[in-house]
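Here is the structure we will look at, set down as structure tokens.
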Amino acid sequence: MAADLRSFIGELDEHGLLVRITKAVDPATEAGRLMRQLELRGVAGLFTNVNGADASLAYNLIGTRTALALALGVDPGDLRRRFRDAIDRRIEPTLVADAPSQELVRTGDEIDLRRLPLVTHSTGDAGPYITAGAVIARDPTTGARNISINRMMLAGAAETGIRMMPPQQLGLIQATAEAAGSDLPVAVAIGLHPVDTLAAGTSLPAGEDEFALAGGLRGEPVRLARAVSVDLDVPADAEIVIEGVIPAGVRAAEGPFGDFLEFYVPEMQNHRVRVTAVTHRRDPILQTMVAGSREDVNLLGLSREVDVVSALERVGTRVVDARVGPTILICAIAIDPRYPGEAKNAGLAALGAYPWLKYCIVVDGDVDVQSSDDVWWAIANRSSPERAVVVAHGAPAFPRDAHGVHGSRAIIDATIPFGASNHYERRVPPGGPALDLDDWLA
Ligand SMILES: Cc1cc2nc3c(=O)[nH]c(=O)nc-3n(C[C@H](O)[C@H](O)[C@H](O)COP(=O)(O)O)c2cc1C
């Protein structure tokens, strides 16, 4: 049996990382706020009674590094190595005939996306959205497959809006099809094992298949099946697959939507998906993700951390740990500096490796970069603002930036002044790390 969303939900449950919510919940007025509380508690949630829906709703599956590590079958400290191994050892997907994701097939008048437990995530959103769908498409000229995650606004029983932001590859592929006057067939897989979602959220060079990366992460091929209404292959083990076309030359109002920086993007004229079939398992589970949530940052941050750490290691920096977060515009790296000023050079390498990185904070190896409190401690107690901050004036980070908030980038060097570590050694309580309060409470 292939690893799928259900088997992962079972694993979360075994580890006490999942709660089941059986009480009725309204997807427009209640679910979003409850989801936020799940996120803050660091647990995943399975809502089995969503008003008006024929499916369950899963949220915050990989909202902690513990859960992400569980999905990848490693310790949290090995996440980057595991991801890097998968990049180097990809496994091509395989085509199968038996697809749980096609247990039930709905076409024509049977299609009704409004029966899905689609959540209104933020008060100012235009409506409910699909946010955890892996959108599969093929480049019409090269035939190469691309998979990405795109927000899709519910726009009727068999229609959604879709946001494709060039230079994102789906946008480029669609533009190629549209220039030739062709509609673009797409399939949207919802409810995948987190490793498949992680691969979908990774930006590989054009022509490289994210399913092969997912295979590398799984250690076995992703199982695909022929779609029922479009010329594409779809994940056989997904919970739900929406098939359709993006019609050439069609744009319609989409948004506003509370995006990953937690601001609203205004209504725009965006593309549409006309749905040709919905296939699903019996008692399907729809996954949703909130843009900018811990889960979103975990998902998009891991591959960026790999890029940053690889760049640092190439120049010989002794990297102890790194973390992109709590938003994907900021990163903290812990290093063991070898020479005066190395922290600043490490910051420059990190900024070079990841174009959206606005702030890179460099700390010593004894600081826990997984803890924002510890990073703030280092900034406050080990750095002098006039020496610590290096600003790259006029070097833009995130491109969508009407007011210049992301128009420059900075390094904060919060490492101990070189050679002065004896003055900045952290105090620790006596007794070794094996000494455990639980042994006293028992
Ligand atoms: C929850 C979530 C929502 C996203 N929404 C969008 C979106 O609406 N538009 C977009 O261009 N990218 C969006 N992304 C980012 C892309 O999926 C991601 O950058 C992907 O790697 C791009 O793939 P590509 O390199 O194949 O273009 C989203 C990511 C996540 C995790």
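The values are calculated or read from the model by the stated rules, or taken from the named source; none is laboratory data. Quick caveat: nothing in here was measured; it's all calculated off a predicted structure. Every residue, glycine among them, receives a Cβ derived from its backbone with ideal geometry; neighbour counts consider all protein chains shown.
Of note:
- Candidate set: the range 97-149, residues that are in a helix (DSSP H, G or I) and not polar (S, T, N, Q); chosen: the one nearest to the ligand (Cβ to nearest atom): Leu113
- Under the condition of being within 14 Å of the ligand (Cβ to nearest atom), under 24 Å from the mean Cα position of the chain (by Cα) and small (Gly, Ala, Ser), the residues counted in the range 162-190 number 2.
- Screening Arg274, Arg282, Arg294, Arg318 for residues that are surrounded by fewer than 22 Cβ atoms within 10 Å (Cβ to Cβ) and either at pLDDT below 95 or within 17 Å of Pro194 (Cβ to Cβ) (or both) leaves exactly one candidate, Arg294.
- Top-ranked residue in the range 150-161 [being part of a loop (DSSP other than H, G, I, E, B) and out of contact with any Phe, Trp or Tyr (no Cβ under 6 Å at 6 or more places or on another chain); ranked as nearest to the ligand (Cβ to nearest atom)]: Asn150
- Only one of the listed residues (Ala343, Ala378, Ala402) is hydrophobic (A, V, I, L, M, F, W, C), modelled with pLDDT under 95 and assigned by TED's automatic domain parsing to the domain that holds Val319. That residue is Ala402.
- Filter pass, Leu357 being part of a loop (DSSP other than H, G, I, E, B) and not hydroxyl-bearing (Ser, Thr, Tyr): yes
- The residues in the range 7-45 that are surrounded by fewer than 19 Cβ atoms within 10 Å (Cβ to Cβ) and either among the polar types (S, T, N, Q) or within 25 Å of Ala236 (Cβ to Cβ) (or both) can be counted, and the count is 8.
- Residues in the range 191-200 that are more than 13 Å from the ligand (Cβ to nearest atom) and farther than 27 Å from Tyr264 by Cα: His193, Val195.
- When residues of the range 345-357 are limited to those that are surrounded by fewer than 24 Cβ atoms within 10 Å (Cβ to Cβ) and touching a Ser or Thr at 6+ places or on another chain (Cβ under 9 Å), the one nearest to Arg81 (Cα to Cα): Ala353
- Count of the range 405-442 residues which are in a loop (DSSP other than H, G, I, E, B) and over 24 Å from Ala332 (Cβ atoms): 8
- Residues satisfying the stated conditions in the range 75-110, i.e. touching a Lys or Arg at 6+ places or on another chain (Cβ under 8 Å) and aliphatic (A, V, I, L, M): Leu79, Ile91, Leu95, Val96, Ala99, Leu104
- Index of the failed condition, Glu254 passing every other in (1) over 21 Å from the mean Cα position of the chain (by Cα); (2) surrounded by fewer than 20 Cβ atoms within 10 Å (Cβ to Cβ); (3) over 21 Å from Val405 (Cβ atoms): (2)
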